[in-house]
Amino acid sequence: MVDIIGEIGRLRQRGERLALASLIWSTGSIPMSDRAKMIITEDGSIIGTIGGGCLEAEVLSVGRAVLDTGANQHISYTMTEKQAGESGLNCGGTVRIYTELVEPGAGGDLYDKVLNARADRRGGVLATLLSTDSSHPSSKMWFGMDGSRSGSLQSAEAERLVEEKGPLVLQRERGLIQALPATGEQNGGNILGDSEMGKAAQSEVFIEPFLPEPILYVFGGGHVGGQIGALAKNVGFRVVIIDDRPAFANSERHPLVDECRVVELGEGLADLLVDDQSYLVAATRGHQHDEIIVEQAIKAPARYIGMLGSERKKLMLWKRIEGRGGKPEGLDRVFAPIGVNIGADTPEEIAVSVVAELIAVRRGSRKVWKTKKSGAIPFLVE
């Protein structure tokens, strides 16, 4: 996964101008994440993706215009499923894309605030008062979860609105477009911005969440644990493999993960940073080790706890943990047996089922497929 905010910081350090295209609103079936962003550099290179096909070509053209003129652009793009198929997209739907100019030393330092907050395991929201007026670049403001603020939206009404809506945006981890009263006042005149099609209307503020990078701790560097770690890294987790055997916790065996730690499994979560963006998987070589991990994990503020094994193993371990004072409500938080039930058999297939579950927890299972019913996947039987 491309770290767009990190790329902005890298390009700014090199003194480069760039155009940043962000998906700010969508409806219908769309071919991209609702967090989609794409950078267009002055040499015409692109970093990230806004969806592919003709839409990406359109946004590339818009990005070049933003770089040439200095005026931000706000476009609405609608495509039927038939048109999408003919033009190289996977689906239809309507999107709104806001493309803004980011220059070194001209407000881009707020992206540094995002990077610093992420490094410190803090979250917050970045608010943008949408503007396509080149004489009035987009006003931006960072609202940190720790109460910190940087920048200005040039509008007391906009800032009040962001302060009110920010916690909900963070809770849902989804961006929000919020209209401001057309008669609102700001520190020096009318609120900046136009409607999406350039007509006189209410101005809008885009509020987007930025949370700390999710950390996955995999206890057990065996075949299954290794496959889980490699796949989770590929979908955006920071992955740490933990094992008490040096031969099973090293970069040669796990080249794709971020870190390997050789730790006595009896120490469990000691010296680990565990917060509400942490995911814990017990996939060790023995019941006694998994038991220790689970017993300590249910006392931690982890977002996800999972244990590899059977229902029988779960019942046996839960009984012992409860016998030592473990809270049933804590054990109810544990995903065990771990993973989505897809009939997985091999370590690679088990990893797919586990990482699918991690994604569902991380994203809140918000997407609803019109053509698929929820519940178990039906299997053909003879």
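Since every read-out is calculated from the coordinates, none of them should be taken as a lab result. Bear in mind the structure is a predicted one, so any value in this text is a computation, not a measurement. Counting neighbours? That spans all protein chains shown, and the Cβs are built from the backbone with ideal geometry, glycine included.
Give me the Kirkwood hydrodynamic radius of segment 215-363, using the inverse of the mean 1/r over all pairs of distinct Cα atoms, in Å to one decimal. Display every interim value, and only then the final one.
Values: mean 1/r = 0.0667 Å⁻¹.
The Cα-based Kirkwood calculation yields 15.0 Å.
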ASN234 to GLU213: extension gain in nm, 0.36 nm per residue of separation minus the Cα-Cα distance?
-> 6.2 nm
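For TRP25, TRP142, what ranking results if the residue with the fewest other Cβ atoms within 10 Å of its Cβ goes first?
Sorted ascending by nearby Cβ count, the order is TRP25, TRP142.
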Using R₀ = 51 Å, calculate the FRET efficiency as 1/(1 + (r/R₀)^6) where r is the Cβ-Cβ separation of ASN250 and THR78; round to 0.05.
-> 0.50
Tell me, what HN-Hα J-couplings in whole Hz come from the Karplus equation 6.51 cos²θ - 1.76 cosθ + 1.60 at θ = phi - 60° for each residue of segment 209-215, using x for Gly and Pro?
-> x, 9, 10, x, 4, x, 10
Based on the Cβ-Cβ distance from SER152 to ASN116, what FRET efficiency comes out when R0 is 22 Å, to the nearest 0.05?
-> 0.75
Distance from a point 7 Å along Cα→Cβ of VAL263 to each backbone N in segment 273-296: keep the residues under 18 Å and list them by number.
-> 273-286, 288-296
Report the extension gain between GLU16 and ASP43 in nm, rounded to one decimal, defined as 0.36 nm multiplied by the number of residues separating them, less their alpha carbon distance.
-> 8.7 nm
Taking the Cβ-Cβ separation of ASP34 and ARG333 as r and a Förster radius of 22 Å, what is the calculated FRET efficiency to the nearest 0.05?
-> 0.20
Sequence-distant residues sharing a close amide H with THR49 (under 5 Å, placed H) = LYS37
Distance between segment 333-365 and segment 14-29 - C-alpha centres, whole angstrom = 31 Å
